[in-house]
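K.L.:
Sharing a structure with you now.
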Amino acid sequence: MPDENEFEGEYQGGTVKRFLYVNRRAPHGTIYPHETLEMVLIAAAFDQDVTVVFLDDGVYQIKKDQDTKGIGIKNFTPAFRALDDYDVEKLYVEKESLEARGLTAEDLLVPVEVVSTEELREIMAEQDVVLGG
Amino acid sequence: MKLGILVNEGPFTHQASDTAYRFTEAALAKGHEIPRVFFYHDGVNNANKLSEPQSDDRNLVKLWSELGEKHGLDLVVCVAAALRRGMTDELLAAGFRISGLGQLIETGIEADRLVVFGD
């Protein structure tokens, strides 16, 4: 069995595709957000053109100052700060989702661009591969 | 067309694996190429050879194994997701192998479409 922490290595094929990760779920309660972030980091390590969007309850994934002690689950969300180190800079948050939850961009732990549903539709239409849970 | 397949749910609890299996079978029958089927999240449980459903129900693990052997499919289980869920080499049904998440990204790059099954 390969080592879990083995460095995946760079993709040698030279092709760069546009990978979009769509985060729609709250950060805890299911494992999808945590494992989706792992997929984001690998695509970035493969030098792909990565975009990450947060909408619906997914906007809570990047809420600042989360404390998961009370539910006994690892707080993986500070790892979103590592995206910048992987040159993942295209982070979008849907405006309507933020507003519906009483949040603003200042409540978020990474710099994002707040976009409308319409703008998000255009971003999605440009992608080659769409992933996320 | 080259179609990559991603299965994100385990067998039985959710229909995703059934639908992915039928889609893969139908795509192959139409002459499409399936370079890889990747199992992520609870999808890794599709590779567990200890799965023993009732005899009058479909056995998804066996179905994937047989389809894999018949068409020489590359059935890949994500190592990190597998370790979390106790899926090890010893539990792998025939035709499956455990490898890194990089294999999924590679499939996304090399296939014409990556078709995702799950919520």
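Since every read-out is calculated from the coordinates, none of them should be taken as a lab result. Because the structure is a prediction, the values reported are computed rather than measured. Cβ: placed from backbone, ideal geometry, glycine included. Neighbour counts: every protein chain shown.
K.L.:
For the list (1) in a loop (DSSP other than H, G, I, E, B); (2) in contact with a helix residue (DSSP H, G or I) (Cβ under 6 Å, 6 or more places away or on another chain); (3) closer than 20 Å to B:GLN103 by Cα, I need the number of the one condition that A:VAL16 fails.
P.N.:
For A:VAL16, the failing item is (2).
K.L.:
For residues that are more than 30 Å from A:HIS34 (Cα to Cα) and under 13 Å from the mean Cα position of the chain (by Cα), tally how many sit in the range B:40-71.
P.N.:
Qualifying residue count, the range B:40-71: 3.
K.L.:
If I ask for residues that are in contact with a Leu (Cβ under 7 Å, 6 or more places away or on another chain), surrounded by fewer than 19 Cβ atoms within 10 Å (Cβ to Cβ) and facing chain A (nearest Cβ under 9 Å), which ones from the range B:88-115 would you list?
P.N.:
Passing the criteria: only B:ARG113.
K.L.:
Shifting gears a bit: Return yes when A:VAL59 is β-branched (Val, Ile, Thr), away from chain B (no Cβ under 14 Å), crowded, with 16+ Cβ neighbours inside 10 Å and in a helix (DSSP H, G or I) and no when it is not.
P.N.:
Working: β-branched (Val, Ile, Thr): yes; away from chain B (no Cβ under 14 Å): yes; crowded, with 16+ Cβ neighbours inside 10 Å: yes; in a helix (DSSP H, G or I): yes.
Yes, satisfied.
K.L.:
Inspect the range B:50-69 for any residue being within 28 Å of A:PHE46 (Cα to Cα) and of a type in the set (A, V, I, L, M) and give the result as yes or no. Before the answer, list the steps.
P.N.:
Initially, the range B:50-69 is screened for residues within 28 Å of A:PHE46 (Cα to Cα), giving B:68.
Then drop every residue that is not of a type in the set (A, V, I, L, M), which leaves none.
No, because not a single residue in the range B:50-69 is within 28 Å of A:PHE46 (Cα to Cα) and of a type in the set (A, V, I, L, M).
K.L.:
Another one. Which one is farthest from B:ALA81 (Cα to Cα) among residues in the range B:7-41 that are within 14 Å of chain A (Cβ to nearest Cβ) and surrounded by fewer than 23 Cβ atoms within 10 Å (Cβ to Cβ)? Quick ask: steps written out before the conclusion?
P.N.:
Kept after step one, since they are within 14 Å of chain A (Cβ to nearest Cβ), are these residues of the range B:7-41: B:7-10, B:13-14, B:16, B:35-36, B:38-41.
Still in the list and also surrounded by fewer than 23 Cβ atoms within 10 Å (Cβ to Cβ): B:10, B:13-14, B:16, B:35-36.
Details: B:GLY10: 12, B:THR13: 17, B:HIS14: 17, B:ALA16: 17, B:PRO35: 21, B:ARG36: 17 Å.
Taking the candidates together, the pick is B:PRO35.
Residue-by-condition table, conditions (1) touching a strand residue (DSSP E or B) at 6+ places or on another chain (Cβ under 9 Å); (2) under 27 Å from A:GLY14 (Cβ atoms); (3) of a type in the set (Phe, Trp, Tyr); (4) surrounded by 21 or more Cβ atoms within 10 Å (Cβ to Cβ):
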{"position": "A:PRO33", "(1), (2), (3), (4)": "yes, no, no, yes"}
{"position": "A:THR36", "(1), (2), (3), (4)": "yes, yes, no, yes"}
{"position": "A:ALA45", "(1), (2), (3), (4)": "no, yes, no, no"}
{"position": "A:PHE54", "(1), (2), (3), (4)": "yes, no, yes, yes"}
{"position": "A:LYS63", "(1), (2), (3), (4)": "yes, no, no, no"}
{"position": "A:GLY72", "(1), (2), (3), (4)": "no, no, no, no"}
{"position": "A:PHE76", "(1), (2), (3), (4)": "no, no, yes, no"}
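K.L.:
For the range B:1-54, give me the residue count where each residue is small (Gly, Ala, Ser), under 23 Å from A:GLY133 (Cα atoms) and touching a strand residue (DSSP E or B) at 6+ places or on another chain (Cβ under 7 Å). It would help to see each step written out before you state the result.
P.N.:
Going through the range B:1-54, the residues small (Gly, Ala, Ser) turn out to be B:4, B:10, B:16-17, B:20, B:26-27, B:29, B:31, B:43, B:47, B:51.
Pick out the ones that are also under 23 Å from A:GLY133 (Cα atoms) and you get B:4, B:10, B:16-17, B:20, B:43, B:47.
Then keep just the ones that are touching a strand residue (DSSP E or B) at 6+ places or on another chain (Cβ under 7 Å); that gives B:4, B:16-17, B:20, B:43, B:47.
Within the range B:1-54, residues that are small (Gly, Ala, Ser), under 23 Å from A:GLY133 (Cα atoms) and touching a strand residue (DSSP E or B) at 6+ places or on another chain (Cβ under 7 Å) number 6.
K.L.:
I need a count of the residues in the range B:81-105 that are in a helix (DSSP H, G or I), free of Cβ contacts under 8 Å to residues at least 24 places away in the same chain and either under 19 Å from A:ALA43 (Cα atoms) or in contact with a Gly (Cβ under 9 Å, 6 or more places away or on another chain) (or both). Even if it seems obvious, please write down each step before you answer.
P.N.:
Let us first name the residues in the range B:81-105 that are in a helix (DSSP H, G or I), namely B:81-84, B:89-91, B:102-105.
Then keep just the ones that are free of Cβ contacts under 8 Å to residues at least 24 places away in the same chain; that gives B:83-84, B:89-90, B:102, B:105.
Within this subset, residues satisfying the condition of being either under 19 Å from A:ALA43 (Cα atoms) or in contact with a Gly (Cβ under 9 Å, 6 or more places away or on another chain) (or both) are B:102, B:105.
Here the count works out to 2.
K.L.:
Filter the range A:105-133 for residues that are part of a loop (DSSP other than H, G, I, E, B) and of a type in the set (D, E, K, R); which is surrounded by the fewest Cβ atoms within 10 Å (Cβ to Cβ)?
P.N.:
Step by step, filter the range A:105-133, then rank; the result is A:GLU126.
K.L.:
While we're on this one: For the range A:82-89, indicate whether the set of residues that are more than 14 Å from chain B (Cβ to nearest Cβ), in contact with a helix residue (DSSP H, G or I) (Cβ under 6 Å, 6 or more places away or on another chain) and among the hydroxyl-bearing types (Ser, Thr, Tyr) is non-empty.
P.N.:
First pass over the range A:82-89, keeping only residues more than 14 Å from chain B (Cβ to nearest Cβ): A:82-85, A:87, A:89.
If we keep only those that are in contact with a helix residue (DSSP H, G or I) (Cβ under 6 Å, 6 or more places away or on another chain) as well, we get none.
Among the residues of the range A:82-89, not one is more than 14 Å from chain B (Cβ to nearest Cβ), in contact with a helix residue (DSSP H, G or I) (Cβ under 6 Å, 6 or more places away or on another chain) and among the hydroxyl-bearing types (Ser, Thr, Tyr), which makes the answer no.
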